[in-house]
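Okay, structure first, notes after.
What follows draws every value from the coordinates through simple rules; no lab data is involved. Remember, it's a predicted structure, so these values are computed and weren't measured experimentally. Cβ placement follows ideal geometry from the backbone for every residue including glycine, while neighbour counts extend to all protein chains displayed.
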């Protein structure tokens, strides 16, 4: 017994160095997981799952289970080789403990343990451990189950054998609970939808792996497995679009870099492109994306010239022309990827650009030569796009010239505010003149401006920029915002810090809101990314009882208010607002516009792919998916404005 005590105390003494390393993570979490917000919370899960994906890339794992528990702890289990538990030759500690407690320790540096991996900085799982209130790891290896527990990164005891298992059974199970001392936001919790999106992507780019996600908080569960890899991914993204040809797919290894690209052109006007490096979604792109785009533009121009579809006098297609309506995925596997930061959103390896360009250029050229019908359809799409872009440029120049001549006059229908500091100003975009009238009278003129829009604004999903710029409602909106549009968009010119969409709570209002969101998403995405776009939440009910008036924003709130009337619920007068125009200016101010009492919902592009697909489905020409979506979500419609 005495011997065991000595082991524990000497363990703590040796551990001082380790704690210093992890203390840095606790002091500066932003450097390791990108911050302490909800996004960083999800990043903890990704770091652990990335390690299991690395095992899958090494051909040693085909199953990953992720469980969200009711107490906000998370379990990630895989059937990989299991983290080694034997003593490290230099550190004289079990490898498991070193992996969990030392930054930059792992099987990914010498090149022996992994050929390619996603959790590349070797800080992943130890950073998760450092930022967790507690963490428990179980490893199945050599017929035994080994375990160790940590609290805020420090082991609570040595690695122990806690059971037996069959000799051929291996794997790692990590259970951790994020530390509320670090992630201080009370409401911070995991979002099922966010994890679904990430795991779906991981399963697409790691062919043959099954990822199971279970949320014990509400019983939701999903399984991801895609035999077709990124070809399936492109088909999935294009499932509501009209496609021009089968998916073009190429997979090749060049100078040790694995390169895989899948692409397909559709009848849409937007480009949907996603890039991955070692299964990690590089949302800011990088050299692999640049290489793919360069290959596509060059190959289409060469083919169009050779086939006589571009005449000698015609200029080459621009990159924008060749990418209109294209859905493409580029996924690379690299031994030593360089990222811009620990959160791995941009790939920096210079050689990858040339490698992707070469591999895709050769394959795409062969495809166009062998499929002249598809080749002509793609070039035709580019020609139409080039003409439309030219028309849009002329229309945009005309708008700019006209504005310059009229010394940047604002639209007549805009009721502007007196404040000149954009950060303090708000623009309410309101449907219809009656609501606009109420809003103009009810607002605080000092910092709130009102822009009423008449009728339905153009469906921007199905129209090109030249047509959009000809629409009077859109013109008014662009000139009121002051940012310009498309290539000339400049956030510096923004005249209002908050742009608030205020529409009725009915189906029409919902449609107009979706149209506006589509417009901002397509042509002013930076506005959303910078956090300037909001949706106002007008109440659905006005409840008057005796001399007291209360408002309810949904049916649940209405019932709550009625319950609290102590038996007077039968005598209360309840009116349901069909539209904003039914409220008098004072009511509109009190419920929807007064910063002290209103509820605003911030619009985020947390998930551009989902937004893209939803807009595509709701605004596109394919009717069955839209019908399915409406039937599925019909029960939620009454809660649209919560």
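Taken along the Cα-to-beta-carbon direction at a fixed 7 Å, the label points for residue 418 and residue 239 span 5.6 nm. Residues 333, 160, 467, ranked from the fewest to the most other C-beta atoms within 10 Å, line up as 160, 467, 333. Label point of residue 307 set 7 angstrom out along Cα-Cβ; within region 352-377, amide nitrogens under 18 Å from it belong to 361-377.
In region 229-388, Cα pairs under 8 Å separated by at least six residues give a relative contact order of 31 percent. Normalise the Debye intensity by I(0) for region 474-529, one equal point scatterer per Cα, no solvent, then take log10 at q = 0.12, 0.13, 0.16, 0.22 Å⁻¹ and round to two decimals. Ignoring solvent entirely, the Cα scatterers give -0.29, -0.33, -0.50, -0.88. Taken over region 180-339, the alpha-carbon convex hull comes to 174 cubic angstrom per residue. Each of 446, 288, 245 was scored by other Cβ atoms within 10 Å of its Cβ. Arranged with the fewest first, they read 446, 245, 288.
Note on residue 526 and residue 549: with the Förster distance fixed at 60 Å, the Cβ-Cβ geometry gives a FRET efficiency of about 0.90. Per-residue packing, averaged as other Cβ atoms within 10 Å, sorts the ranges 30-36, 248-254, 131-137, 164-170 into the order 131-137, 30-36, 248-254, 164-170, beginning with the highest. Using 0.36 nm per residue and subtracting the Cα-Cα separation, the extra length available between residue 217 and residue 559 on full extension is 120.6 nm.
For region 468-565, the share of alpha carbon pairs falling in successive 5 Å distance bins from zero is 2, 11, 19, 18, 13, 9, 8, 8, 7, 4, 1, 0 percent. Peptides 39-50, 474-485, 546-557, 297-308 ranked from most to least packed, by the mean per-residue count of other Cβ atoms within 10 Å: 39-50, 474-485, 297-308, 546-557.
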